[in-house]
Amino acid sequence: MSLLVVGLSHRSAPVSVLERAALTADAQAKLLQDTLATEPAAEAAVLATCNRIELYADVDKFHAGVAELSTLLARHAGAGLEELTPYLYVHYEDRAVHHLFSVACGLDSMVVGEGQILGQIKDALARSQELHTAGRLLNDLFQSALRVGKRAHSETGIDRAGQSLVSFGLEQLAENAPSGDGAADAPSDSGTSVEDWAKGKRALVIGAGSMSSLAAATLARAGVAEIAVANRTRSRAERLVEILGQPGGTGVAARALPIGEATDELPRADIVVSCTGATGLVLPAQAIEEATAGRAARPLALLDLAMPRDIDAAAHRLDHVHLVDIESLAAASADAPMAADVERVQHIVAQEVDAFGAAQRAAHITPTVVALRTMAADVVAAETARLHGRLPGLGEREFAEITQTVRRVVDKLLHAPTVRVKQLASEPGGAGYADALRTLFDLDPQTVAAVSRADASSTDDPNRGRS
């Protein structure tokens, strides 16, 4: 295993840099393809969220891999390498596994313990499978990360350590909302619940992806009076409206509109949540200012969960407007209390990293063991054929018994050393046992490589391991 990850996140870079580095779905696909076209990389996957962009690869050279992956990230982000380098982090082999498992458990999230990252990891795996850029290593890695993340949430109370960005963002709006009684700049009492704050309000949700859908559902459950959903693709907005209005659902009044009408909807809205993939501003400050003119008794709450941002940061300075965005969420969560369960999750991650490394090291020696047994079988076949030629009068029954006896002898001689070498190879530093086995038995490297290729071809099915 030569797993390498190069990336940047809210922990290593300011929001302005993360905005520059944000990649569209098409840009992510091109990045994957270009990564495989480089000499050091045999597999590639991209994990892109609102507060991180990470490129994973199976490389044959560490330094060349770091240089290539860093250059590709900068190129596709439209940034200079010298601009991005101070904020990049690099993890290799077991440390890279530890990093992804920690990310999957929510330990590296802006809001510790949030579970939405699991869906984003699943999407990253699916994208790599569809583009055939994920092989054995990355398939195993990302599927293991999904399992570890689910284990952390089911076996611990990590969920109590934080919430999704949607919930956390709405809580920030509720806790710091203006009172609305004429003193528009005075915050409401600390600790106001989202339900108390949102009840009866009109909401505008811009976007119809997973984050926007979660926001719409959360607002509906909180008791908003109505939700307008604006999206570039009208059918997706209508689908979200249909889900919100299903029998047994939230029962909220909901309607769909084109994204071009979002600014026209602003004067009616009390709460706006925006999370699109747009590369430019969806709500300029001027449009917000015009929409809020003369509405001091009804302040406007804005939650921008997009990266790059959808809502003009200048809205911070407008009267009767309260904007919460990724940058302010990062600042608010920096001092959030850590639950005691975090330590239990860290223990789970350490266990799973050891297990994953052992499994990968054991798998590394399997082709050599298979090649050894294949060579032994060929020797048995050649020698028994020679015996049959020397003793043409030997009966078929006797010949079969001799052949079976020779095979049993060879199997017994090989059993203990092959089992033991697999055990040794699974331990740290055990990678050299495969080389020792090839040297001791003079195994043809091409035969071992052929076994590896045949085994790896079983992972080419794009549906393999989908969750």
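The values are calculated or read from the model by the stated rules, or taken from the named source; none is laboratory data. Quick caveat, the model's predicted, so the values are computed rather than measured. A quick note on method: Cβ atoms are made from the backbone with ideal geometry, for glycine too, and the neighbour counts reach across all protein chains shown. For the accessible areas, the whole protein counts, side chains as well, though only heavy atoms, and no ligand, DNA or RNA atoms are used. Shrake-Rupley method; radii C 1.70, N 1.55, O 1.52, S 1.80 Å.
Around Met375, under 13 Å between beta carbons, what's the net of Lys plus Arg minus Asp minus Glu among the other residues?
-2
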CD proxy, 222 nm, the chain: helix-only mean residue ellipticity via -39,500 (n - 2.57) per DSSP H run with n ≥ 4, per residue, nearest 500, stands at -17000 deg cm²/dmol
SASA check, Thr384, accessible area w/ 1.4 Å probe, all protein chains in place, rounded to nearest 10 Å², comes out at 20 Å²
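Indicate the gyration tensor shape class of segment 120-173 (rounded, prolate or oblate), computed on the Cα atoms with a ≥ b ≥ c the square roots of the eigenvalues: a/c under 1.5 is rounded; otherwise a/b larger than b/c is prolate and the rest oblate.
Oblate is the answer for segment 120-173, as a/c is 1.5 or above yet b/c matches or exceeds a/b.
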Using eta = 0.692 mPa s and T = 37 °C, Stokes-Einstein with Kirkwood Rh from Cα pairs puts D for segment 285-358, in µm² s⁻¹, at 210 µm²/s
For the chain, the percent of accessible surface on carbon and sulfur atoms (probe 1.4 angstrom, ligands and nucleic acids excluded) is 52 percent
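Please report the relative contact order for segment 195-339, taking Cα pairs under 8 Å with a sequence separation of at least 6, and give it as a percent rounded to a whole number.
Averaging sequence separation for qualifying contacts and normalising by length gives 21 percent for segment 195-339.
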In Å, the Kirkwood estimate of hydrodynamic radius for the chain over Cα pairs equals 25.5 Å
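Could you check how many percent of all C-alpha pairs in segment 65-119 are farther apart than 17 Å?
52 percent
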For Ala254, the residues 5 or more places away or on another chain with a placed amide H closer than 5 Å to its own amide H are Ile227
Taking every DSSP bridge whose two residues both lie in the chain, the antiparallel percent to the nearest 5 is 45 percent
Ranking Glu195, Glu175, Glu226 from most to least accessible area with a 1.4 Å probe gives Glu195, Glu175, Glu226
In degrees, nearest 10, the alpha-carbon axis of helix 445-456 is tilted away from the dominant principal axis of the alpha carbons of the chain by 40 degrees
Calc'd 3J(HN,Hα), segment 301-307, phi into Karplus 6.51 cos²θ - 1.76 cosθ + 1.60 (θ = phi - 60°), Hz, glycine/Pro = x, comes to 9, 10, 10, 9, 10, 8, 9
Cross-link reach from Lys412 to lysines, straight Cα distance under 21 Å and at least 8 residues apart if same chain, gives Lys422
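I'm a student and want to see the number: the projected area of the Cα convex hull of segment 340-420, averaged over all directions, in nm².
Projected over every direction and averaged, the Cα hull of segment 340-420 covers 7.2 nm².
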The FRET efficiency for Val406 and Asp444, from their Cβ-Cβ distance with R0 = 25 Å and rounded to 0.05, is 0.65
Any aspartates and glutamates whose Cα falls less than 13 Å from that of Lys150, other than same-chain ones fewer than 8 residues away, would be Glu114, Asp159, Glu352
A chain fully extended from Glu83 to Val17 at 0.36 nm per residue, minus the present Cα-Cα distance, gains in nm 22.9 nm
Sorted by chain and number, the residues with a modelled amide H under 5 Å from that of Val273, at a separation of 5 or more or across chains, are Leu204, Val205, Ile206, Leu303
Expected field for Arg386, accessible surface area in Å² at 1.4 Å probe radius, rounded to 10, holds 110 Å²
Reported to the nearest 10 Å², Val409 has, with a 1.4 Å probe, an accessible area equal to 80 Å²
Excluding residues fewer than 8 positions from Lys30 in its own chain, the aspartates and glutamates with Cα under 19 Å of it are Glu19, Glu39, Glu43, Glu54, Asp58, Glu68, Asp123, Glu130
Nearest 10, in degrees from 0 to 90: the angle of helix 165-175 to the longest Cα principal axis of the chain is 30 degrees
Once both label points are put 7 Å beyond Cα along the C-beta direction, the Gln246-Gln351 separation in nm becomes 3.5 nm
